[in-house]
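No value in this document is a laboratory result; all are computed from the given coordinates. Keep in mind that this is a model prediction, so the values were computed, not measured. Glycine also receives a Cβ, built like all others from the backbone with ideal geometry; neighbour counts cover every protein chain displayed.
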Amino acid sequence: NHSQVDDDLDALGFSGSKLWNVGRWTVQRVWDEIDHIPDHTELTAYLKSHERYDDLHSQSSQRILQELAEAFHSW
C-alpha cells in the first residue's frame with residue numbers, strides 16, 4: 001500500500017527537513033550573536049511559534065529539534 005501513503009510521507013519528510021533547516025539557521029544565529037549553542041528546550045521555545053513547527057505533530061517537531069540540539073552539543 002505504499003502508493004496510498006507515498007504523498008503523505010513525502011510531505012512529512014519535507015516538513016521535517018524544513019524544520020531542521022530553520023532550527024539549524026536559528027542555532028547558527030544564536031551561536032554567532034552570543035557564543036552559545038541553545039539546548040533542546042531553548043530551541044523549542046524559539047521555534048514553537050514558527051510556521052514550520054506547526055507543519056508536524058508537536059512530538060515530531062520536538063524530536064527533530066532535540067536531535068538537532070544533540071548533534072550540535074556532541075560536535
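For the chain, find the longest principal axis of its Cα atoms and tell me its angle to the long axis of helix 2-34, 0 to 90°, nearest 10. With rounding to tens, the tilt is 10 degrees.
Find how much the distance from Thr41 to Gln66 grows on full extension, using 0.36 nm per residue of separation minus their present alpha carbon separation; answer in nm with one decimal. Don't jump to the answer; show the numbers that get you there.
Details: separation 25, 0.36 × 25 = 9.00 nm, distance 0.81 nm.
Full extension from Thr41 to Gln66 adds 8.2 nm.
Between Asp8 and Lys48, the distance separating the two model label sites (each 7 Å from Cα on the Cα→Cβ line) works out to 2.8 nm.
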